[in-house]
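Asker: Okay, handing you the structure first.
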């Protein structure tokens with residue numbers, strides 16, 4: 001198909017597609033062009049080509065960070081997770097890697113950790129100076145901070161400082177690593193009422209170095225869940241931040 | 001917090017979001033929401049409206065991500081087009097009123113080089129576009145930039161520049177054809 005070209009050598013189809021992509025047409029002209037776009041794939045392809053060419057003009061507009069409430073509103077507008085989906089996987093996807101674990105808060109948490117008395121039993125003295133390189137603030141669904149953790153992948157040292165949000169719960173909190181490829185890895189039962197220190201074994205410390213988030217599930221006393229799947233509800237989670 | 005993804009990473013995340021992967025969708029949001037808010041805010045000049053449109057934009061992105069075709073469009077182009085069209089629809093629905101900005105001013109703004117943080121688009125395409133726009137006369141190049149960035153019609157452009165509607169149409173139509181010829185040469 002050939003398009004008529006006017007006296008100025010203007011390819012009418014192509015230039016109309018450009019005007020539509022640029023959105024300079026009057027409302028009536030635009031409505032007519034949209035109708036053609038819907039009915040004529042060749043014209044629609046021209047519009048798409050113009051969009052591709054012109055979008056670079058947006059490079060001149062400075063980025064503006066959206067307010068923090070925009071994402072939760074977007075998320076609230078998404079359809080519910082399909083019921084036939086693997087529930088556990090869908091669940092991890094839903095909460096994982098929210099960016100609520102602000103670095104500033106995490107840094108503050110490290111200060112808090114350092115300021116708190118070290119309880120039972122002290123970890124063996126590390127061979128190298130302790131370098132805390134991962135921190136996370138775990139928050140409950142209501143946004144309250146449940147625990148802060150700091151982890152040094154070099155030595156396997158893990159420091160946990162719960163707030164009093166979990167105090168009084170008769171269930172036993174268990175700490176989990178959320179792996180970047182999906183799935184979770186059990187670290188173990190933790191003390192939800194007082195600061196504690198742990199040293200992760202070699203296998204686990206490698207995983208902890210790769211994990212991008214941590215989570216806490218509440219398990220029935222005396223019950224140990226499988227290493228890759230909590231049985232109790234996950235009540236808190238937080239993104240691991242690098243220092 | 002905004003993160004930088006390469007074009008391929010963004011394409012992949014968009015594709016995964018199209019399969020229903022919410023974590024991937026979040027990565028798309030984190031990497032692009034500041035860019036898209038910049039686009040909607042320039043058109044609507046009202047932060048609340050611009051953020052409302054941003055929210056609608058991402059809901060559209062979620063539902064249309066499955067139709068994104070990385071072999072045909074760049075991911076950021078695809079996103080910018082949705083955001084810009086949404087913002088213009090809102091602007092013209094009468095829900096927004098806005099100040100008018102002379103083309104010269106828009107041209108000055110448009111002439112600022114992009115900062116590294118906003119270099120989401122592969123640089124070559126943008127450089128080529130700017131080179132080709134630079135080959136148009138300043139009036140025409142400025143009018144095309146203003147039309148894109150502020151989302152205004154021929155009518156508004158003509159009254160801002162104080163030229164007859166037909167003159168503005170002729171500038172832009174001929175400018176578009178030259179631009180396209182240059183881009184494809």
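Asker: If you check residue B:35 against the conditions, is it under 27 Å from residue B:152 (Cα atoms) and within 9 Å of chain A (Cβ to nearest Cβ)?
Answerer: Here the answer is yes, as residue B:35 does meet what is asked.
Asker: For the stretch A:20-61, give me each residue that is facing another protein chain (nearest Cβ under 8 Å) and surrounded by fewer than 17 Cβ atoms within 10 Å (Cβ to Cβ).
Answerer: Listed by number, the residues that qualify are A:26, A:27.
Asker: Additional query: Of all the residues that make up the stretch B:64-80, how many are over 16 Å from the mean Cα position of the chain (by Cα) and at the interface with another protein chain (Cβ under 9 Å from one of its Cβ atoms)? Steps first, please.
Answerer: Looking only at the stretch B:64-80, we keep the residues that are over 16 Å from the mean Cα position of the chain (by Cα), and these are B:64-72.
After this cut, where a residue has to be at the interface with another protein chain (Cβ under 9 Å from one of its Cβ atoms) as well, the list is B:72.
Of the residues in that region, 1 qualify.
Asker: Kindly indicate whether residue B:121 is at the interface with chain A (Cβ under 9 Å from one of its Cβ atoms) and either modelled with pLDDT under 95 or out of contact with any helix residue (DSSP H, G or I) (no Cβ under 8 Å at 6 or more places or on another chain) (or both).
Answerer: The answer is yes for residue B:121.
Asker: Please work out which residue is farthest from residue A:212 (Cα to Cα), limiting yourself to the stretch A:169-185 and to residues that are touching a helix residue (DSSP H, G or I) at 6+ places or on another chain (Cβ under 9 Å) and in a strand (DSSP E or B).
Answerer: Here the residue is A:173.
Asker: Quick check: is even one residue across the stretch A:196-204 touching a helix residue (DSSP H, G or I) at 6+ places or on another chain (Cβ under 9 Å) and in a loop (DSSP other than H, G, I, E, B)?
Answerer: Checked the stretch A:196-204: at least one residue is touching a helix residue (DSSP H, G or I) at 6+ places or on another chain (Cβ under 9 Å) and in a loop (DSSP other than H, G, I, E, B).
Asker: Restricting the search to the stretch B:1-32, which residues are within 16 Å of residue B:66 (Cβ to Cβ), in contact (Cβ under 8 Å) with a residue 24 or more places away in the chain and at the interface with another protein chain (Cβ under 9 Å from one of its Cβ atoms)?
Answerer: B:25
Quick grid of which residues meet (1) touching a strand residue (DSSP E or B) at 6+ places or on another chain (Cβ under 9 Å); (2) modelled with pLDDT of 95 or more; (3) facing chain A (nearest Cβ under 8 Å):
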{"position": "B:112", "(1), (2), (3)": "no, no, yes"}
{"position": "B:116", "(1), (2), (3)": "no, no, no"}
{"position": "B:129", "(1), (2), (3)": "no, no, yes"}
{"position": "B:134", "(1), (2), (3)": "no, no, no"}
{"position": "B:147", "(1), (2), (3)": "no, yes, yes"}
{"position": "B:158", "(1), (2), (3)": "no, yes, no"}
{"position": "B:161", "(1), (2), (3)": "no, no, no"}
{"position": "B:175", "(1), (2), (3)": "no, yes, no"}
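The values are calculated or read from the model by the stated rules, or taken from the named source; none is laboratory data. Predicted, not measured: the structure shown is a model, and the values here were computed from it. A quick note on method: Cβ atoms are made from the backbone with ideal geometry, for glycine too, and the neighbour counts reach across all protein chains shown.
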